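Q: Have a look at this one.
The values are calculated or read from the model by the stated rules, or taken from the named source; none is laboratory data. All figures in this text were calculated on a predicted structure; none of them were measured in a lab. Ideal geometry is used to build each Cβ from the backbone, glycine not excepted, and the neighbour counts take in all protein chains shown.
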Amino acid sequence: MLGWSMRLRLAFDVFGTILDLSTLPYEFRRKQLEYTWLLTVMGKFVPFHEVTEKAMTYYLEAEGKLGDYHTMMEKWRDLKAFTDVSYLNEISSLADIFALSNGSVEEVKDRLRREGILNLFKGIFSAEEVKAYKPSPKVYRHFVENVGEPAFLVSSNPFDLMGAKNAGMGAIYLNRRGVKLDPLGFEVDLLVKDLKGLFLWLREKA
């Protein structure tokens with residue numbers, strides 16, 4: 001496959017790649033990521049659920065809507081998968097698939113289980129295991145050290161792909177929203193608009 005004698009390892013980002021974040025305000029998501037980046041740069045770690053709660057509180061206070069906190073947090077907990085996750089079954093027949101997330105192992109397992117796709121994943125890897133958030137090289141190297149190579153990250157988040165490339169992984173851009181990649185002098189190994197495109201590419205190269 002793809003010129004390698006070994007089976008591909010595909011690490012899937014979860015939030016925004018498998019789970020659809022469109023029911024939540026962009027400003028909340030931006031603050032959530034900002035907190036993870038700041039914590040990592042400062043060498044500190046706070047569990048992802050606490051980061052999420054703090055980001056939601058900040059966003060709602062800024063909007064004068066703190067009374068909506070429980071409703072908005074329920075939306076976060078009830079995120080649904082994109083419809084094209086149906087292709088993960090076919091993809092898992094062509095490559096070993098894993099989850100690689102800022103979310104805790106237990107949270108990710110619960111969410112994938114509720115979407116009926118947990119059984120397709122050979123393992124769950126979390127930033128909590130290295131006490132640093134993406135795009136820290138620690139996150140991606142921890143994955144490769146545990147599963148081996150060739151290893152690729154599949155993500156809809158450009159910063160995530162940049163982190164993977166920086167750490168020596170391959171990068172597959174699932175460009176769901178047509179967002180241009182950040183111009184910092186790196187290139188992804190593959191760009192597709194959905195999981196069907198990834199499946200077709202894998203099938204062609206098999």
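Q: Which condition number in (1) surrounded by fewer than 16 Cβ atoms within 10 Å (Cβ to Cβ); (2) in the same structural domain as K134 (by TED's automatic domain parsing) is the one that L66 fails?
A: (2)
Q: In this structure, does I91 turn out to be of a type in the set (A, V, I, L, M) and free of Cβ contacts under 8 Å to residues at least 40 places away in the same chain?
A: No; evaluated as a whole, the condition is false for this residue.
Q: Looking at D20, D78, D68, D13, which one is within 30 Å of N119 (Cα to Cα), touching a helix residue (DSSP H, G or I) at 6+ places or on another chain (Cβ under 7 Å) and either of a type in the set (D, E) or modelled with pLDDT under 95 (or both)?
A: D13
Q: To continue, here is another question. Only one of E90, E149, E107, E128 is over 16 Å from the mean Cα position of the chain (by Cα), at pLDDT 95 or above and not β-branched (V, I, T); which?
A: Just one listed residue meets the conditions, E90.
Q: Let me ask you something else. Out of curiosity, is R203 within 17 Å of the chain's Cα centre (by Cα) and surrounded by fewer than 14 Cβ atoms within 10 Å (Cβ to Cβ)?
A: So R203 fails the test.
Q: Still on this structure, I have one more. If a residue must be of a type outside the set (K, R) and farther than 15 Å from T36 by Cβ, how many such residues does the stretch 126-157 contain?
A: Here the count works out to 14.
Q: Same structure, new question: From the list F125, F152, F121, F159, pick out the single residue that is in contact (Cβ under 8 Å) with a residue 24 or more places away in the chain, closer than 18 Å to R9 by Cβ and out of contact with any helix residue (DSSP H, G or I) (no Cβ under 7 Å at 6 or more places or on another chain).
A: Among F125, F152, F121, F159, only F152 is in contact (Cβ under 8 Å) with a residue 24 or more places away in the chain, closer than 18 Å to R9 by Cβ and out of contact with any helix residue (DSSP H, G or I) (no Cβ under 7 Å at 6 or more places or on another chain).
Q: Name the residue that is farthest from E106 (Cα to Cα), counting only residues in the stretch 1-53 that are exposed (fewer than 14 other Cβ atoms within 10 Å of the Cβ) and of a type in the set (K, R).
A: R7
Q: Which of the following residues is of a type outside the set (A, V, I, L, M, F, W, C) and in contact (Cβ under 8 Å) with a residue 12 or more places away in the chain: T40, T71?
A: Only one candidate passes the filter, namely T40.
Q: What is the number of the single condition among (1) assigned by TED's automatic domain parsing to the domain that holds L198; (2) over 13 Å from the mean Cα position of the chain (by Cα) that V14 does not meet?
A: (2)
Q: Within the stretch 151-188, work out how many residues are acidic (D, E) and more than 21 Å from K138 (Cα to Cα).
A: Number of matching residues: 1.
Q: Listed residues V51, V46; which is outside any helix (DSSP H, G or I) and in contact with a helix residue (DSSP H, G or I) (Cβ under 7 Å, 6 or more places away or on another chain)?
A: After applying the criteria, what remains is V46.
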